[in-house]
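The values are calculated or read from the model by the stated rules, or taken from the named source; none is laboratory data. On a predicted model such as this, the values are computed, not experimentally measured, just so you know. Every residue, glycine among them, receives a Cβ derived from its backbone with ideal geometry; neighbour counts consider all protein chains shown.
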Amino acid sequence: MANELAQLSPVPGSRKSRMRVGRGEGSGKGKTAGRGTKGQGARGGVKPGFEGGQMPLSRRLPKRGFVNPNARRVVEISLATVAENFGEGAVVTSDALVAAGLVRIPRNGFVKVLGGGEVGHALHLRVAASASVAAAVTAAGGSVEQES
């Protein structure tokens, strides 16, 4: 067989070996090894963002905003989306929403269903829901257990 895995090789000319610098004058990349002559760049370089002693851009620009580390982050999903993806009598939990691909990762395990649509069949929600969602689901014959 001509097409054995052991016989495969790259097309000639498609692979190029890297230049080994600093290996003698005859190589064309000896002595300074492509780093020019003397100075900071030839002796090890600088940290990212360093601007030669000038105040860096990251420190010249003002700081804005605040992120509360204790805030409870919520993944929100509309009632219409839930109703489209779950059938009659389905139990909707945060795990079921992840399994259906509607929610990627529930932040801190907390998902909330918000209004914005109608539900034509009974659903059993075991996630946090707004008051309008709770009213709509119970009117359709379903139930809502609020998640803490």
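When region 119-137 is filtered for residues that are exposed (fewer than 14 other Cβ atoms within 10 Å of the Cβ) and either of a type in the set (D, E, K, R) or more than 14 Å from residue 83 (Cβ to Cβ) (or both), the ones remaining, listed by number, are 131, 135.
Of all residues in region 60-85, count the ones that are of a type in the set (A, V, I, L, M, F, W, C) and outside any loop (DSSP other than H, G, I, E, B). Working first, answer last.
Filtering region 60-85 down to residues of a type in the set (A, V, I, L, M, F, W, C) leaves 61, 66-67, 71, 74-75, 77, 79-80, 82-83.
Add one more test, that the residue is outside any loop (DSSP other than H, G, I, E, B), and what stays is 75, 77, 79-80, 82-83.
Count: 6.
Please work out if residue 23 is farther than 30 Å from residue 110 by Cα, of a type in the set (D, E, K, R), modelled with pLDDT of 90 or more and in contact with a Gly (Cβ under 7 Å, 6 or more places away or on another chain). I'd like the intermediate steps shown before the answer.
Values: farther than 30 Å from residue 110 by Cα: yes; of a type in the set (D, E, K, R): yes; modelled with pLDDT of 90 or more: yes; in contact with a Gly (Cβ under 7 Å, 6 or more places away or on another chain): yes.
Yes.
Scanning region 22-59 for residues that are assigned to a loop (DSSP other than H, G, I, E, B), surrounded by 10 or more Cβ atoms within 10 Å (Cβ to Cβ), of a type in the set (A, V, I, L, M) and out of contact with any helix residue (DSSP H, G or I) (no Cβ under 8 Å at 6 or more places or on another chain) turns up just one, 33.
Can you say whether residue 103 is in contact (Cβ under 8 Å) with a residue 40 or more places away in the chain, surrounded by 11 or more Cβ atoms within 10 Å (Cβ to Cβ) and either of a type outside the set (Phe, Trp, Tyr) or not in a helix (DSSP H, G or I) (or both), as far as the supplied structure shows? Reasoning before the result, please.
Values: in contact (Cβ under 8 Å) with a residue 40 or more places away in the chain: no; surrounded by 11 or more Cβ atoms within 10 Å (Cβ to Cβ): yes; either of a type outside the set (Phe, Trp, Tyr) or not in a helix (DSSP H, G or I) (or both): yes.
So residue 103 does not fit the description; no.
Residue 21: under 30 Å from residue 94 (Cβ atoms), free of Cβ contacts under 8 Å to residues at least 40 places away in the same chain, touching a Lys or Arg at 6+ places or on another chain (Cβ under 8 Å) and aliphatic (A, V, I, L, M), yes or no?
no
Restricting region 106-118 to residues that are modelled with pLDDT under 85 and in a loop (DSSP other than H, G, I, E, B), the residue that is surrounded by the fewest Cβ atoms within 10 Å (Cβ to Cβ) is 118.
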